[in-house]
1. Restricted to region 103-125, and to residues that are at pLDDT 90 or above and assigned to a loop (DSSP other than H, G, I, E, B), which residue is surrounded by the most Cβ atoms within 10 Å (Cβ to Cβ)?
2. Determine, yes or no, whether residue 73 is surrounded by 18 or more Cβ atoms within 10 Å (Cβ to Cβ) and closer than 16 Å to residue 12 by Cβ.
3. Would you confirm whether or not region 23-30 contains a residue that is within 13 Å of the chain's Cα centre (by Cα) and modelled with pLDDT under 90?
4. Residues 100, 78: which one is outside any strand (DSSP E or B) and closer than 17 Å to residue 44 by Cβ?
5. Could you run through region 3-56 and say how many residues are out of contact with any strand residue (DSSP E or B) (no Cβ under 8 Å at 6 or more places or on another chain) and not in a loop (DSSP other than H, G, I, E, B)?
């Protein structure tokens with residue numbers, strides 16, 4: 001297995017409709033949602049093959065799960081959570097699972113982009129569109 005993603009900034013897009021993983025500026029703490037507004041996400045490689053683990057930052061906060069398996073971008077002193085990002089070459093997309101619980105994957109269950117379209121952790125169900133994301137490198 002190779003780790004396709006290098007440390008850097010990416011536009012992370014929902015495979016379902018191409019809208020962007022982001023945070024809502026008016027919501028505190030910052031929930032990770034899917035919006036039409038694109039803000040680069042910082043991906044930092046922690047470990048190379050075979051694990052391919054990363055820290056992920058949205059709006060300067062590290063992404064972590066909170067109650068009800070929602071995702072939050074937290075600017076806190078606690079250790080950033082590590083994520084395993086796996087490429088599915090035939091689909092040109094990735095799944096993102098929690099390193100500590102690799103059965104839980106980022107999932108985009110909602111339809112309309114906006115602050116109510118929150119990303120959740122749900123059991124990994126193969127490479128299905130709600131659990132697939134495109135990572136597009138930006139400068």
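1. Residue satisfying both the conditions and the ranking: 119.
2. Working: surrounded by 18 or more Cβ atoms within 10 Å (Cβ to Cβ): yes; closer than 16 Å to residue 12 by Cβ: yes.
The answer is yes for residue 73.
3. Applying the first criterion (within 13 Å of the chain's Cα centre (by Cα)) to region 23-30 yields 23.
Within this subset, residues satisfying the condition of being modelled with pLDDT under 90 are 23.
Looking through region 23-30, at least one residue is within 13 Å of the chain's Cα centre (by Cα) and modelled with pLDDT under 90.
4. Only one candidate qualifies: 78.
5. 0
The values are calculated or read from the model by the stated rules, or taken from the named source; none is laboratory data. In this text the structure is predicted, and so the values were computed from the model without any measurement. Using ideal geometry, Cβ is built from the backbone for each residue, glycine included, and neighbour counts are taken over all protein chains shown.
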